[in-house]
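*Asks:* Below is one structure. I have some questions about it.
The values are calculated or read from the model by the stated rules, or taken from the named source; none is laboratory data. Note that the structure is predicted; figures quoted are calculated from it, not measured. Note: ideal-geometry Cβ built from the backbone for every residue, glycine included; neighbour counts use all protein chains shown.
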Amino acid sequence: MAWSLATFLACSSILQANYVELPASKTAPDFKLIIRLFGVSKEARYEADLVVHGGKVYQFVTQRRDEVTIFDSKNARFIILDLKNQVCAHVTMASIAQADLAIREATFATIAKYRKQGDRSGRVLAQMTEDLLDAKFTSQFDPKTSTLVLKNPTVDITCIGEADKDGARLAVAREVLIATALLALVRDPGGLHPSSQVVALRAAIDDRGYLPAESSYYFRLTGTPSLYRWTYEVAPVLTERELVAIRRIDQLLAKTKVITYQEYALLRPTD
């Protein structure tokens, strides 16, 4: 099947990091959340379908056609499944927290190095790097347009959306989006730290009660400014194709060999 599926059970554990707490899982009706990530181009850099069914959340990622990631809330871990090689690896929430700590320690060491330079360039780089990592923002909300704006000296975030009356669906969407962001700490440790994304999701969902239809992140550390723009679209009905895919993945997982994440990463060096 020409899909890459990532599956997340709604989180019930607490990540051992200082910027996010994942609440207990909640039952939600079946639905699909379509996510697209854009840069400056009109072409999406990333496309995924989050399919919620039977207490699980299945993510189909266009750019990873032979992979499924399952979040097992009962055991506080991700199971990443390679459909082609029929192997899987476990990534626990504790290991994600450890990865976060290591990244933060390395980044703060870099910040200290910038500050030791003693010149304006070093001070600016230190502050920009800290702004991206610490994610402390001022906040403004326009109720007429349902627009939330978060700012610090380095990052501008704009979230646009409408209140979701389905509280259970909103809670599951929140948990799964945060979990997805946090997993990047292990899968893409050299990428943009997810703290800003997590803070923005919590500000929109927890404080305003809506899932953003669009979230734009504009920042510059060095060189050309960067733009990340996520769009979110809710589809309330699942297709038969999606239900068939879920059944096949569950059947395959039951007979799959477990390897370490380090071994798994060697099988997929371009991910």
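*Asks:* Among residues belonging to segment 34-48 that are under 13 Å from the mean Cα position of the chain (by Cα) and under 16 Å from Leu211 (Cβ atoms), point out the one that is surrounded by the fewest Cβ atoms within 10 Å (Cβ to Cβ). Before you say what the answer is, go through the steps one by one.
*Replies:* We begin by selecting, within segment 34-48, every residue under 13 Å from the mean Cα position of the chain (by Cα); these are 35-37, 46-48.
After this cut, where a residue has to be under 16 Å from Leu211 (Cβ atoms) as well, the list is 35-37, 48.
Numbers: Ile35: 18, Arg36: 17, Leu37: 15, Ala48: 22.
Out of the qualifying residues, it is Leu37.
*Asks:* Here's a follow-up. If I filter segment 218-245 down to residues being among the charged types (D, E, K, R) and surrounded by 15 or more Cβ atoms within 10 Å (Cβ to Cβ), which single residue comes out as nearest to Val87 (Cα to Cα)?
*Replies:* So the residue we want is Glu242.
*Asks:* Go through segment 82-132 and report how many residues are under 19 Å from the mean Cα position of the chain (by Cα) and of a type in the set (Val, Ile, Thr).
*Replies:* Total meeting the criteria: 4.
*Asks:* Report every pair of residues separated by at least 6 positions or lying on different chains whose Cβ atoms are under 8 Å apart, first residue within segment 246-259 and closer than 13 Å to Asp66 by Cα and surrounded by 11 or more Cβ atoms within 10 Å (Cβ to Cβ), second at pLDDT below 90 and of a type in the set (Phe, Trp, Tyr).
*Replies:* Sorted first by the residue in segment 246-259, then by its partner, the pairs are Ile249/Tyr58.
*Asks:* Filter segment 173-196 down to the residues that are touching a Ser or Thr at 6+ places or on another chain (Cβ under 8 Å) and not in a loop (DSSP other than H, G, I, E, B), then identify the one that is surrounded by the most Cβ atoms within 10 Å (Cβ to Cβ).
*Replies:* Glu175
*Asks:* Give the residue that is farthest from Asp188 (Cα to Cα), with candidates limited to residues of segment 81-130 that are among the β-branched types (Val, Ile, Thr) and part of a helix (DSSP H, G or I). Before the answer, list the steps.
*Replies:* Going through segment 81-130, the residues among the β-branched types (Val, Ile, Thr) turn out to be 87, 91-92, 96, 103, 107, 110-111, 124, 129.
With the extra rule that they be part of a helix (DSSP H, G or I), the set shrinks to 96, 103, 107, 110-111, 124, 129.
Numbers: Ile96: 11, Ile103: 11, Thr107: 15, Thr110: 19, Ile111: 20, Val124: 25, Thr129: 18 Å.
Taking the candidates together, the pick is Val124.
*Asks:* Starting from residues that are surrounded by 20 or more Cβ atoms within 10 Å (Cβ to Cβ) and assigned to a loop (DSSP other than H, G, I, E, B), keep the ones in segment 55-80 and report whichever is modelled with the lowest pLDDT.
*Replies:* Ser73
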